[in-house]
Structure formats: C-alpha cells, structure tokens
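Comments concern the structure below.
The values are calculated or read from the model by the stated rules, or taken from the named source; none is laboratory data. As the structure is a computational prediction, the values presented were derived from the model and not from experiment. Counting neighbours? That spans all protein chains shown, and the Cβs are built from the backbone with ideal geometry, glycine included.
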Amino acid sequence: MAGPDGKTRDRIWLGNYGERVAAAWLRSQGCRILARNYRSPRKGEVDIIARDGRLLLFVEVKTRQAGSRIRGLDAVGKDKQALIERGANSWLKRLGTRNLPWRFDVIEVSVEEGRKPRVNRVKDAF
C-alpha cells in the first residue's frame, strides 16, 4: 500500500492499520474495546481485548495484502499463542477472577489498494 506521498507503507504501519480496522469492526458488531496492544509484565501481549456481552475476547489481528500466499491465521503458531495466553492470563489476574466466559479469536484483515479492507473473524481460534 502506498501513502498520499506515493511511498510504500511498511509492515508496522500495515499492522497498526489492520488493528484499527479490526477494532472498528468489533465495535460495529456490538463489542466494547477494553484495551489495545496490551502488554503484560511477563512478556505476554494481546492486540485487542474486548467484551461481547459477558464474553471476554482476546483477539490477535493479522493483516495481509490481498493475494498474500500465507493466511493470517496460519501465522499464529504455538509461540505466538503462548504470548497471547500469557497476556490473557495477566488480564484475568488483574480482574481478580477467571469465572467468566472468554475465548481466543483471530481477526484476519485483507487490504488492497483502493478497496475497503475485508475482515474475517475466526472464533475460538486456539
């Protein structure tokens, strides 16, 4: 993707853009965003933490250029899952309870120059 100056955007910009798209999409689905880019003291991380009614969502966002050979979900391997799980455990500890429903989702955002981003949510991804 190119910016208004014609220069190609880097992967950091693309990832941040995808997270903004995913958060807006979750809001449009009735979710409340509780945190973005949550980092726990024990090296855990979660892109988006949201509530869908009583359900707590720990969401990993993967953004890809349209036509990418690697699906976003496929990039969430065991090491990445462990980071997200540590972040989720830290958040639950902050709440002081684990007695509420929660799950891990992956949101895949596909972007293409001049087109609206496409969003795919994979519920209970791992």
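So for the range 92-104 (the condition being under 19 Å from residue 18 (Cα atoms) and either surrounded by fewer than 18 Cβ atoms within 10 Å (Cβ to Cβ) or among the small types (Gly, Ala, Ser) (or both)), does at least one residue qualify?
No, the range 92-104 contains no residue that is under 19 Å from residue 18 (Cα atoms) and either surrounded by fewer than 18 Cβ atoms within 10 Å (Cβ to Cβ) or among the small types (Gly, Ala, Ser) (or both).
Restricting attention to the range 96-126, and to residues there that are outside any strand (DSSP E or B) and in contact (Cβ under 8 Å) with a residue 60 or more places away in the chain, which single residue is farthest from residue 9 (Cα to Cα)?
Only one residue fits best here, namely 125.
Does residue 113 fit the bill of being more than 16 Å from residue 38 (Cβ to Cβ), loosely packed, with under 14 Cβ neighbours inside 10 Å and either of a type outside the set (S, T, N, Q) or out of contact with any Pro (no Cβ under 7 Å at 6 or more places or on another chain) (or both)?
In short, yes.
Given (1) touching a residue at least 12 places away in the same chain (Cβ under 8 Å); (2) on the phi > 0 side of the Ramachandran plot, where does residue 71 come up short, assuming only one miss?
With (1) touching a residue at least 12 places away in the same chain (Cβ under 8 Å); (2) on the phi > 0 side of the Ramachandran plot applied to residue 71, the lone miss is (2).
Kindly state which strands (runs of 3 or more DSSP E) lie completely within the range 19-88 and contain at least 1 residues that are of a type in the set (S, T, N, Q), under 13 Å from residue 106 (Cβ atoms) and at pLDDT 95 or above.
So the answer is 55-65.
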